[in-house]
Structure formats: C-alpha cells, structure tokens
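Here is the structure we will look at, set down as structure tokens.
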Amino acid sequence: MTTPPTPRQLEFLAFISVYTHILGRPPSEAEMQKFLKLTPPSVHHMILRLEKRGFITRQPGQPRSIRLAASLDVPLLGGRGTPQRKRIKPSDKLPLAFSKREQCLLLNEVWPPTALENRIRLSIADHSRLVARFTLAEFEELAGYVAAQANHTKSRKVQKDLDHLFSRIQKVLDTHTDEDE
C-alpha cells in the first residue's frame, strides 16, 4: 500500500474493524449502509475500491467475508487518527466541475433524478469546464447513481470515466460534513 486511506475509506475501515471486534464477525454491506448512511451502490463501490487498494480482502458473493489487511492499522471511529472534515450547513452547495463528456455521461449513462439532472444540464461554463453546485446530500445521492452505473456498465471506458468522476465526488464527501458532532 503506497498511499494511506482517504478519510471516507478510514470511516469504512474503522467501522469494519470495530464491528468485527465487538461482534466477532464482519459487517454486511447492508449494515455498513445503515451505519454510514450511504446508498447500497456507494457502499459496494467503496468495498470494491478498498479491495483494489489492498486494504481489505473478501470472497465475492459470500456474505460477511470482508477482512482487513493484516498490515493495516486503523484508528477507532472518532479517534485522533480520523482526519477532520470541514463543517458546512446542510443547505450549502459545493461545486463539482466536469467536462462536456462527463456531463453527457451523467445525463445519458447515469440518469440521475430530475432535480440533479436539471442542475447538471444547467451547469455553468467556467473556462473549459462545466460547474454545477450540490449540497452534500445531493453529492451523496449522485455518488450512489454514479457508483451503481460504474458497477453495471459493460464498457471499460465508461467504467473508468465513471470511477474517476466518483472519486472526485467522493473527495468532496471525504473533506466536508454537514452533521453536528
């Protein structure tokens, strides 16, 4: 492992670690979804990313098979090792910049709900990029749709592009929070 986990990845890893320690078995994706307040596609996509980065191992298709990598040192939830996220109001909107191609992907491959679709369609040009603004709840919703499509597309190129877009959305979610302590 060359780079450390992101703050959001640390949340997942800490949850897996604590859950497994307390209950003696790994959590299910549904339990992660409930605790971390995420959509099923977002949880599944993160599990795939954690596995790809070598932070966990698992047996695809086998429930509760997630294991932390032996060399991984995960801080407990809320501990000093957990990076702080910038606190914003739930109504605050943050920018997401994307290319015209990414806009087409979002509209033609991902098919987000109408409110998000309209925001993407009406994005403002800023130099060579388009910019739309979303609340964190909307970022989370969009991340779920992008992750779901990335997991189900047959095209490697579309998957790669959606994974890249998901990473940028996830970075916003990793660095901001609208929840009280």
In debye to the nearest 20, how big a dipole does the chain give about its Cα centre with +1 on each Lys and Arg Cβ and -1 on each Asp and Glu Cβ?
-> 500
Only one of the values (1) 20.6; (2) 11.2; (3) 14.2 was calculated from this structure for mean projected area of the Cα convex hull in nm²; name its label.
-> (2)
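So between L23 and A137, what do we pick up on full extension, going 0.36 nm a residue minus the alpha carbon distance?
Stretched fully, the L23-A137 segment lengthens by 38.0 nm.
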J(HN,Hα) series, the range 37-53, from Karplus relation 6.51 cos²θ - 1.76 cosθ + 1.60, nearest Hz, glycine and proline x | 6, 10, 7, x, x, 5, 5, 4, 4, 5, 4, 4, 5, 5, 5, 4, 7
Bridge type composition, the range 86-177 - antiparallel percent by DSSP, nearest 5 = 80
For the range 1-38 and the range 88-143, what is the separation of their Cα centres, given in Å?
-> 28
To the nearest 10 degrees, how steep is helix 7-23 against the longest Cα principal axis of the chain, on a 0 to 90 scale?
-> 30
Over the chain, what relative contact order in percent results from Cα pairs under 8 Å that are six or more residues apart?
-> 24
Hey, what did the range 84-181 get for relative contact order, percent, Cα under 8 Å, at least 6 apart?
-> 39
Using θ = phi - 60° and the Karplus form 6.51 cos²θ - 1.76 cosθ + 1.60, what ³J(HN,Hα) does each residue of the range 123-134 get, whole Hz, x for Gly and Pro?
-> 4, 9, 6, 9, 6, 9, 10, 9, 10, 10, 10, 9
Among S28, Q9, L165, flag the residue with its Cα farthest along the positive direction of the charge dipole of the chain, charges on Cβ as +1 for Lys/Arg and -1 for Asp/Glu.
-> L165
Which value in nm describes the separation of the simple spin-label points at T177 and K37, placed 7 Å from the Cα toward the beta carbon?
-> 1.0
Computed about the Cα centre, the charge dipole of the range 7-68 from +1 Lys/Arg and -1 Asp/Glu charges at the Cβ has a magnitude in debye, to the nearest 20, of 100
How many percent of DSSP beta bridges within the chain run antiparallel, rounded to 5?
-> 85
By average Cβ neighbour count within 10 Å, what is the ranking of 55-64, 34-43 from highest down?
-> 34-43, 55-64
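Please state the charge dipole magnitude for the range 86-177, taken about the Cα centre, from unit charges on C-beta atoms (+1 on K and R, -1 on D and E), reported in debye and rounded to the nearest 20.
Roughly 240 debye, rounded to the nearest 20.
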So what's the range 7-68 giving for Rg/Rh, alpha carbon basis, Kirkwood Rh from the mean inverse pair distance?
-> 0.91
With runs of 4+ DSSP H residues as the only contributors, calculate the mean residue ellipticity of the chain at 222 nm using -39,500 (n - 2.57) per run, divided by the residue total and rounded to the nearest 500.
-> -15500 deg cm²/dmol
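Rule-based calculations on the coordinates, nothing more; no lab input. What you see is a predicted model, and the numbers here were worked out from it, not measured in a lab. Cβ sites come from the backbone with ideal geometry, for glycine too, and all protein chains shown count toward neighbours.
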